[in-house]
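Data first, discussion second: the structure below is written as structure tokens.
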């Protein structure tokens, strides 16, 4: 049953003894200050420690206790602690006799205690405690059920989302590696084209011998051809490398999301009983939905544009100056 701390004036020890005996007979445990408070101790600290170990407080109000500053202070401390504990502990004021209800507890439901109805009053106290404990157990069960529902729904969500993210991570990683392979292959082919150009020197020489008056035209044709082919290969290589980098970046983002979801899953399993609202659940998993632009939106054409027009202008200027000087 319940652990009950009784606040009272020591001149009412006989009444408290009778109340304690009846409550003990009904299966409750009683905490009294004379059994826990030692000389020289701070009663407030002892009271708070006792309240931590108790399920609630029973306050006995008599003519003697109304004259005691100790009882009034003890009741104030107990009420503050109960309020801070989110009403997870009970406080039951018991008024002995016909004295009026004091101001410091007039907002609480009080139980009247008379000599001729002593047993009935103890039954009321026991019933009040039982109702509180029953409601507390019901709250615990509801929290357990809610936790299980959250864990079940969250588990399904986590499973589906993690599976989808892993698929995206794998797909993006494969595409990234494929782009890297194409980029390397394009560079190798560009080197091959450059080397192959040297092998065509005899053909160029033959053209020069055949058309001796078209030297600069042949040079321009050969240079433009080389620039266009090699430039396109370099541009293609840079583009697929940039594309591969973007896919790899997206793959890493999905890996980070999986990590964030895994942490949220751990938090739910470890502290699920403390999660009570949809907002709290949303906060737990908010890091998985990374609010950053996709890497594909940062791809700039300047990163792979070979800028043929600029190159052609420079070549034409150079060759024009050469032709003028030869004339």
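A few comments on the model shown:
- Enumeration of residues in the range 6-19 that are free of Cβ contacts under 8 Å to residues at least 60 places away in the same chain and crowded, with 19+ Cβ neighbours inside 10 Å: 6, 16
- The one condition in (1) in contact (Cβ under 8 Å) with a residue 24 or more places away in the chain; (2) farther than 30 Å from residue 252 by Cα that residue 87 fails to fulfil: (1)
Residues are listed down the side, and each one gets a yes or a no for (1) touching a helix residue (DSSP H, G or I) at 6+ places or on another chain (Cβ under 6 Å); (2) buried (at least 18 other Cβ atoms within 10 Å of the Cβ); (3) closer than 22 Å to residue 127 by Cβ:
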residue	(1), (2), (3)
64	yes, no, no
68	no, no, no
73	no, no, no
80	no, no, no
87	no, no, yes
90	yes, yes, yes
94	no, yes, yes
98	no, no, no
105	no, yes, yes
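- The numbered conditions (1) within 27 Å of residue 137 (Cα to Cα); (2) under 42 Å from the mean Cα position of the chain (by Cα) are all true for residue 26 except (2).
- Where a residue in the range 154-165 is farther than 11 Å from residue 264 by Cβ and in the same structural domain as residue 255 (by TED's automatic domain parsing) and its partner, wherever it lies, is modelled with pLDDT under 75 and in a helix (DSSP H, G or I), with Cβ under 8 Å and at least six apart: 155/265
- Inspection of the range 113-135 finds a residue satisfying the criterion of being outside any helix (DSSP H, G or I), surrounded by 14 or more Cβ atoms within 10 Å (Cβ to Cβ) and touching a helix residue (DSSP H, G or I) at 6+ places or on another chain (Cβ under 8 Å).
For every residue, the table says whether it meets (1) under 20 Å from residue 129 (Cα atoms); (2) at pLDDT below 85; (3) over 41 Å from the mean Cα position of the chain (by Cα); (4) not assigned by TED's automatic domain parsing to the domain that holds residue 17.
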residue: 86; (1), (2), (3), (4): yes, yes, no, no
residue: 90; (1), (2), (3), (4): yes, no, no, no
residue: 93; (1), (2), (3), (4): yes, no, yes, no
residue: 96; (1), (2), (3), (4): yes, no, yes, no
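- Among the residues of the range 1-24, those identified as touching a helix residue (DSSP H, G or I) at 6+ places or on another chain (Cβ under 9 Å) and more than 18 Å from residue 95 (Cα to Cα) are 1, 2, 3.
The values are calculated or read from the model by the stated rules, or taken from the named source; none is laboratory data. Quick caveat, the model's predicted, so the values are computed rather than measured. Heads up, the Cβs are rebuilt from the backbone with ideal geometry, glycines too, and the neighbour counts pull from every protein chain shown.
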